[in-house]
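See below for the structure under consideration.
The values are calculated or read from the model by the stated rules, or taken from the named source; none is laboratory data. As the structure is a prediction and not an experimental result, all values here were calculated from the model. In this analysis, Cβ positions are derived from the backbone assuming ideal geometry, glycine residues included, and neighbour counts consider all displayed protein chains. Areas reflect the complete protein model, heavy atoms only, side chains present, ligands, DNA and RNA absent. Shrake-Rupley method; radii C 1.70, N 1.55, O 1.52, S 1.80 Å.
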Amino acid sequence: MLRSVVLVFLLLVTIGGAGRPALAAPVQEAVFAGGCFWCLEHDLEHLPGVLSAESGYSGGHVQQPTYEQVSGERTGHQESVRVRFDPGKISYATLLRSYWRNVDPLDGGGQFCDRGDSYRPVIFTRGKEQEEQARQSAASAARELKQPVDRLKVQIRQAVRFWPAEGYHQNYAERNPLRYRFYRTACGRDRRLDAVWGARARTGKPWS
């Protein structure tokens, strides 16, 4: 009788365990700078597996910077985007490919029509693993572009504090679609991306 009770108990435990959902991978963060944060936020936030993308500032020395301070080139910050993503649905390596193909990696003086250090392209890495993947992605990007890796102007730097931008900058493309499209077209962002990346512009396709 005791043996039967033990077998039933073990069976119930097994069934209960099988019915439990697997533990989800913890949400991860990535921070990128690539010119106008309205555009980079919009380019990355709809990728499958991306949970959110937030415009802000990073890389500089001023605490709680304002847009006026950053755009005035007095803070050392770059316009940046903090991406929270589910690594079970999108890998950091895939996110990096999408980042590269949404910037002009040959331009270190700004991006597209926006000039100055606050618009320069930067990958801010958190930990050794992100740094190694970022450097591997730079080598892959250089091969795809048929350029030496030292020709690329995207900096790879250790992440520092990210400061969210003012509320009116968040989700700008969705809240101001006409103004956003006019700005993006007038700035020549997509024309330049097509010229640099060809058919792979704005995609996360595997490296060629």
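Summary value for region 61-208: 31 percent relative contact order, contacts being C-alpha pairs under 8 angstrom separated by 6+ residues. Build a GNM of the chain with springs between Cα atoms under 10 Å apart, and of Gly110, Gly34, Gly198 the one that fluctuates most is Gly198.
Amide hydrogen proximity for Leu51: with H placed 1.01 Å from N in the peptide plane, the residues at 5 or more positions away or on another chain lying under 5 Å are Arg84, Phe85, Asp86.
Approximating the spin labels as points 7 Å out from Cα along Cα→Cβ, the Ala142-to-Asn176 distance works out to 3.8 nm. Taking 0.36 nm per residue of separation and subtracting the current Cα-Cα distance, fully stretching the chain between Ala25 and Val62 would add 10.0 nm. For a paramagnetic label modelled on Arg151 (point 7 Å from Cα along Cα→Cβ), amide N atoms under 11 Å away are absent within region 189-208. Structure remark: mean-square fluctuation, Gaussian network model of the chain, C-alpha springs under 10 Å; the largest value among Gln155, Gln63, Gln170 belongs to Gln63. Based on protein heavy atoms only, region 22-120 ends up with 37 Å² per residue of surface accessible to a 1.4 Å probe.
The aspartates and glutamates within cross-link reach of Lys128, meaning a Cα-to-Cα straight distance under 15 Å and a gap of 8 or more places when in the same chain, are Glu29. Each Cα pair under 8 Å and six or more residues apart adds its separation to the average, and for region 26-80 the resulting relative contact order is 38 percent. Shape class for region 92-161, computed from the alpha carbon gyration tensor (a ≥ b ≥ c): oblate, with a/c not under 1.5 and a/b at or below b/c.
Taking 7 Å along the Cα-to-C-beta vector as the label spot, tell me the Asp194-Trp207 distance in nanometres, rounded to one decimal. Calculated label separation equals 2.7 nm.
Modelling each spin label as a point 7 Å along the Cα-to-Cβ direction, I'd like the Gln69/Leu47 distance in nm, to one decimal. Computed distance between label sites Gln69 and Leu47 equals 3.0 nm. For region 190-195, 3J(HN,Hα) computed residue by residue from phi via the Karplus equation (6.51, -1.76, 1.60; θ = phi - 60°) reads 5, 4, 5, 4, 5, 5 Hz, glycine and proline entered as x. Each residue of region 200-208 is assigned a 3J(HN,Hα), and the resulting list reads 8, 4, 6, 10, x, 4, x, 4, 7 Hz, derived from the Karplus form 6.51 cos²θ - 1.76 cosθ + 1.60 (θ = phi - 60°), x at Gly and Pro. The trypsin sites (Lys or Arg not before Pro) of region 22-107 meeting both criteria, a DSSP state outside H, G, I, E and B (loop) and at most 14 other C-beta atoms within 10 angstrom of the site's C-beta, are Arg74, Lys89.
Each helix, a run of at least 4 DSSP H residues, gives -39500 (n - 2.57); summed and divided by the residues of the chain, these come to -12000 deg cm²/dmol at 222 nm. Quick check on the chain: what does the Kirkwood estimate of hydrodynamic radius come out to from the alpha carbon pairs, in Å? In the chain this quantity evaluates to 18.5 Å.
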